[in-house]
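The values are calculated or read from the model by the stated rules, or taken from the named source; none is laboratory data. Note that the structure is a prediction, hence the values are computed from the model and not measured. Methodologically, a virtual Cβ is constructed for each residue, glycine included, from the backbone with ideal geometry; neighbour enumeration extends over all protein chains shown.
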DNA sequence: TCACAAATGAAAATGATTTTCATTTCCATA
DNA sequence: TATGGAAATGAAAATCATTTTCATTTGTGA
Ligand SMILES: [Zn+2]
Ligand SMILES: [Zn+2]
Ligand SMILES: [Zn+2]
Ligand SMILES: [Zn+2]
């Protein structure tokens, strides 16, 4: 195993605590940092092992890395213009927890997103 | 778009209603059915569009297709073995509706999924 | 300084999925 | 029945994220 390159973590933070390996890599490139894509992948994997970040999957299958302990929230996204509202998910948090307990699941996470057409669209 | 090849659906059923495109393809090959991988992918996609199957992601990113009833529901998925439980989402339905109203969104849909480790894993 | 382990990254390999495109199968209508 | 166009098919190539290889560089303690 290898240790995580600290610049990868700080870039993930700067990206809003939520990005794919490719996105972290491109962001670092744009900022003029010299790093290899391989190192980005290895560092993110190492952060996952250390439980410093979570890994989820986008709908298209790309892995996205999420800083743990980040202020957890959900999104309301407009299908028309892409406008996004960050929303509180209290009801969902409870629901996820209840369901997981009921079926004996551990180390539980969840995804939830609402999409529709905003007033302007 | 194209219509689903009926043999793909019946193979998915025979596979226990839960398999990846590659697995459906290999199964059909083994059974001596002549079909192209492309057609398997297209048929599964079409079944997803028609809401006859759900699509989820394995931990490794591979898409798995799952036959499901037409009633709206959500999933509790094991990150370890892929085992899936269909669950009721009453709390979520209400939450999505409330949030959408609050922000004036129309034609609203949502996604929600819980993942963790099941008892055996 | 030296030796050795860890870190790095370019390039190649992998593997699922999508795209291309030429061919075949259907089907409605004359 | 013949025929023209639309839909379906699949082999091969392209795509794209991710992993593996491997040679090189860097760091560190003796
Ligand atoms: Zn909008
Ligand atoms: Zn939540
Ligand atoms: Zn399990
Ligand atoms: Zn729902």
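Taking the conditions exactly as written (away from chain B (no Cβ under 14 Å), assigned to a loop (DSSP other than H, G, I, E, B) and either within 16 Å of ligand 1 (Cβ to nearest atom) or in contact with a helix residue (DSSP H, G or I) (Cβ under 6 Å, 6 or more places away or on another chain) (or both)), does residue A:2 satisfy them or not?
Values: away from chain B (no Cβ under 14 Å): yes; assigned to a loop (DSSP other than H, G, I, E, B): yes; either within 16 Å of ligand 1 (Cβ to nearest atom) or in contact with a helix residue (DSSP H, G or I) (Cβ under 6 Å, 6 or more places away or on another chain) (or both): yes.
The answer is yes for residue A:2.
When you scan segment A:81-88, do you find a residue that is within 19 Å of residue B:93 (Cβ to Cβ), more than 8 Å from chain B (Cβ to nearest Cβ) and at pLDDT 80 or above, even just one?
yes
Yes/no per residue for (1) at negative phi; (2) in contact with a helix residue (DSSP H, G or I) (Cβ under 6 Å, 6 or more places away or on another chain); (3) within 9 Å of chain B (Cβ to nearest Cβ):
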{"position": "A:54", "(1), (2), (3)": "yes, no, no"}
{"position": "A:68", "(1), (2), (3)": "yes, no, no"}
{"position": "A:91", "(1), (2), (3)": "yes, yes, yes"}
{"position": "A:96", "(1), (2), (3)": "yes, no, yes"}
{"position": "A:103", "(1), (2), (3)": "yes, no, yes"}
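Scanning for something within 30 Å of residue B:78 (Cβ to Cβ) and more than 16 Å from DNA strand C (Cβ to nearest atom), does segment A:37-51 turn up at least one residue?
Yes - at least one qualifying residue is present in segment A:37-51.
Being within 14 Å of another protein chain (Cβ to nearest Cβ) and more than 25 Å from residue B:110 (Cα to Cα): is that true of residue A:22 here? Outline the logic, then answer.
On the way: within 14 Å of another protein chain (Cβ to nearest Cβ): yes; more than 25 Å from residue B:110 (Cα to Cα): yes.
Spelling it out, residue A:22 is indeed within 14 Å of another protein chain (Cβ to nearest Cβ) and more than 25 Å from residue B:110 (Cα to Cα).
Among the residues of segment B:38-56, write down those that are surrounded by fewer than 16 Cβ atoms within 10 Å (Cβ to Cβ) and within 12 Å of residue B:5 (Cα to Cα).
B:38
May I ask you to verify whether residue B:11 is farther than 27 Å from residue B:112 by Cα and surrounded by 14 or more Cβ atoms within 10 Å (Cβ to Cβ)?
On the way: farther than 27 Å from residue B:112 by Cα: yes; surrounded by 14 or more Cβ atoms within 10 Å (Cβ to Cβ): yes.
The answer is yes for residue B:11.
Take residue B:10 and decide whether it is free of Cβ contacts under 8 Å to residues at least 24 places away in the same chain and part of a helix (DSSP H, G or I). Spell out how you get there, then give the answer.
On the way: free of Cβ contacts under 8 Å to residues at least 24 places away in the same chain: yes; part of a helix (DSSP H, G or I): yes.
Answer is yes for this residue.
Test each condition in (1) in contact with a helix residue (DSSP H, G or I) (Cβ under 7 Å, 6 or more places away or on another chain); (2) surrounded by fewer than 16 Cβ atoms within 10 Å (Cβ to Cβ) for residue B:22 and report the one that comes out false.
With respect to (1) in contact with a helix residue (DSSP H, G or I) (Cβ under 7 Å, 6 or more places away or on another chain); (2) surrounded by fewer than 16 Cβ atoms within 10 Å (Cβ to Cβ), residue B:22 is out only on (1).
Looking at residue A:59, is it away from chain B (no Cβ under 13 Å), loosely packed, with under 13 Cβ neighbours inside 10 Å and either under 22 Å from residue A:12 (Cβ atoms) or at pLDDT below 95 (or both)? Even if it seems obvious, please write down each step before you answer.
On the way: away from chain B (no Cβ under 13 Å): no; loosely packed, with under 13 Cβ neighbours inside 10 Å: yes; either under 22 Å from residue A:12 (Cβ atoms) or at pLDDT below 95 (or both): yes.
No.
Name, by its number, the condition in (1) within 16 Å of ligand 4 (Cβ to nearest atom); (2) surrounded by fewer than 17 Cβ atoms within 10 Å (Cβ to Cβ) that does not hold for residue A:107.
It is condition (1) that residue A:107 fails.
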